[in-house]
């Protein structure tokens, strides 16, 4: 039985708890939702349970494809046991179509297919309100990661994009973009944090309706229903 200890940190979607084993932690997924650097806050009923189940499915899928990650096991509907990594303060965003800030920054039409996919880095610093875009030179100057680590992270991100895109395609959902985080553990770099509709854009392949946090951001309504629909399709595929 896993015994949780003190709260390590709390973010917009999760709480991370230490355990009696210093190499492991427990992720608790919340229903609270946040957008626009905290300017918009709310609650999506059942979101934590959906995200926990979705993360289990995706991380298990990555393990099956040989992608090292922090996931150990799901403990209950809202909690999972993970390896306790030293997180690298970068968000690694992979974009398959133009959406969100990329449309505003480039003037490209929303929904346009990106070939090849675009990979972007954002700097995650708890002392900064915004998460600024950074390039390789910034990352090296800030000593966040080495050149070799960045090459590995980028390669992993693109491989993960292919794996998850193919999986979702089979259930008639398109992966538009998503953000990954990585951590160091025993000298290795692992995929960590979460892969869920809180940090990804998933569109119905036919209607292009969002099945993710964009429904909350853009006041589209039926956010809880969209999260449940995403999980329903994924669980149907697992069966």
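Quick notes
- Considering residues of the range 15-41 that are modelled with pLDDT under 95 and assigned to a strand (DSSP E or B) only, the residue farthest from residue 70 (Cα to Cα): 40
- The helices (runs of 4 or more DSSP H) found entirely in the range 133-219 that carry 3 or more residues being out of contact with any strand residue (DSSP E or B) (no Cβ under 6 Å at 6 or more places or on another chain) and farther than 28 Å from residue 9 by Cβ are 147-169.
- Members of the range 99-132 found to be in a helix (DSSP H, G or I) and over 18 Å from the mean Cα position of the chain (by Cα), listed by number: 103, 104, 105, 106
Rundown of residues vs (1) touching a helix residue (DSSP H, G or I) at 6+ places or on another chain (Cβ under 9 Å); (2) surrounded by 13 or more Cβ atoms within 10 Å (Cβ to Cβ), yes/no style:
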position: 104; (1), (2): no, no
position: 128; (1), (2): no, no
position: 133; (1), (2): yes, yes
position: 151; (1), (2): no, no
position: 162; (1), (2): no, yes
position: 173; (1), (2): yes, yes
position: 207; (1), (2): no, no
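- Among the candidates 144, 139, the residue that is surrounded by 21 or more Cβ atoms within 10 Å (Cβ to Cβ), assigned by TED's automatic domain parsing to the domain that holds residue 110 and over 17 Å from the mean Cα position of the chain (by Cα) is uniquely 139.
The values are calculated or read from the model by the stated rules, or taken from the named source; none is laboratory data. Quick caveat, the model's predicted, so the values are computed rather than measured. Neighbour counts run over all protein chains shown; Cβ positions are idealised from the backbone, glycine included.
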